[in-house]
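What follows is a short report on a single structure.
The values are calculated or read from the model by the stated rules, or taken from the named source; none is laboratory data. Source: prediction; values computed, not measured. Cβ atoms come from the backbone with ideal geometry, glycine included; neighbour counts cover every protein chain shown. Accessible surface areas use protein heavy atoms only, side chains included; no ligands, DNA or RNA. Shrake-Rupley method; radii C 1.70, N 1.55, O 1.52, S 1.80 Å.
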Amino acid sequence: AGGGPRGLARRKGRASTAPSLPGCAQAPGLSPRQPTMGNSLPPPPRLSLSDQHSVLSLDVSVRAIAEVLATRARRVVIMQGAGASTSAGIPDFRTPGTGLYDNLQKYNLPKPEAMFDIDFFLSNPAPFYDLARSLFPDNFTPTPTHFFVRLLQEKGVLLRCYTQNIDALERAAGVNPELLVEAHGSFGTAHCIKCREEYDPSYVRQCVNGEGEDGASPEGGAGEALVCRCRSCGGLVKPDIVFFGENLPGRFFQLREQDMAEADLLIVIGTSLKVYPFADLMNELNPRAPRLLLNMERVGEADLGPSLDHGFRFDHADNYRDAELLGAADDGVRLLCDLAGWRGELEELISAAGGSSLPPEVRPVALDAPAVARSYRRDLAARLLPLTGSPAGAAATAACCTLAPPPRSCAARQEHA
């Protein structure tokens, strides 16, 4: 879930190699990070117990966050990664076997990330242009996750959607560009990297598909991909996606501080949270705002122990605002809308755009109650094992526990049992 050029300014632990360009200020916030989640930032503010209680009444469950969404959230921020687009047929980047980085062998790259490295692109642009033919947004349609963001906009509660994705499917779903921060750029615009002349993305598409003589030039011999060159200076015309070694768009830095201070709910969807500075957004959030992770696996966690580290604090005894719902992004947003009473409206948006809607009474299979109950009991049994001394005893104790809502932390789960 997540990663790749959707966060190409810098991967975790790697400083930006962006060159200093005349007349261009370097983007802030591209310093190396420690191995743990966001711990080079100042410690997060500590709320009093009464303030913590006011966030979710210490009920850190998906149901409680859905209630906040439906009744009192007015400034929702979304952080979205590749997992939002996989059901559209766009691969993520790091999933073994199916991810894009595992399927670039035909290009004979020095490493998979070179496909989106600005220095490699300048020396050998043909592989990127060849791959770009399959990545243009008109090849894909928005997913239910994109329409969930649109639904938040329709209800007037979307403060901002920060997306790592370059596919522009949020725009295709009808999300107002003013409510978007495409943190790693998108295929929606293009510029010459030499003279900065702006081009419509259709020009790049025509070039790389060989649909017109103007601007297209063969590189590397017969059968190789066409590249796209500027009509004015002959420089390479590149879609405005952020490569490794390039700065993030100024809009990301202009809006992040105010947005995260004003937000009253953060939903993180389909991202590995391994690419910075995007991943730091969750650590800059107003401490009174709940945080919900919708993802295939846990990511962005704070270290366990008595620490003041940043990151999700799912299993910490002091967790007062972090909840998770593990599974496919589309299933997650559908269940969240179920709990908020919005499911019918979500399906109407999907259906109106010609998408594959589900009847509101059909729950996502991956998130049916028995499956959630089994997962919860397995998790609880593992945490009770040190207390009971026997796997059978831990399992028997966990089986006696109720599911709704799951207790808020490791300590609370033990007390609940």
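Taking Cα atoms of the stretch 102-261, Rg/Rh with Kirkwood Rh, to two decimals?
1.00
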Highest to lowest packing among 62-74, 179-191, scored as the average C-beta count within 10 Å = 179-191, 62-74
HN-Hα J in Hz across the stretch 62-74 - Karplus 6.51, -1.76, 1.60, θ = phi - 60°, x for Gly and Pro = 4, 4, 5, 5, 4, 5, 4, 4, 7, 10, 9, 6, 10
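By average Cβ neighbour count within 10 Å, what is the ranking of 196-209, 125-138 from highest down?
Ranked by mean Cβ neighbours within 10 Å, highest first: 125-138, 196-209.
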Which cross-chain or sequence-distant (5 or more) residues have an amide H under 5 Å from the amide H of Cys228, H modelled 1.01 Å from N in plane?
-> Val237
Could you give me the ³J(HN,Hα) list for the stretch 249-255, computed from phi with Karplus coefficients 6.51, -1.76, 1.60 and θ = phi - 60°, whole Hz, x at Gly and Pro?
-> x, x, 4, 4, 7, 6, 9
Accessible-area order for Asp322, Asp51, largest to smallest, probe 1.4 angstrom, reads Asp51, Asp322
All alpha-carbon distances of the stretch 243-315, grouped into 5 Å bins from 0, give the whole-percent distribution 3, 14, 24, 24, 20, 11, 4, 1
Which order do peptides 254-261, 232-239, 325-332 fall in by mean Cβ count within 10 Å, highest first?
-> 325-332, 232-239, 254-261
Collect residues whose amide H, placed 1.01 Å from N in the peptide plane, falls under 5 Å from the amide H of Ile241; neighbours closer than 5 in sequence don't count.
-> Ser186
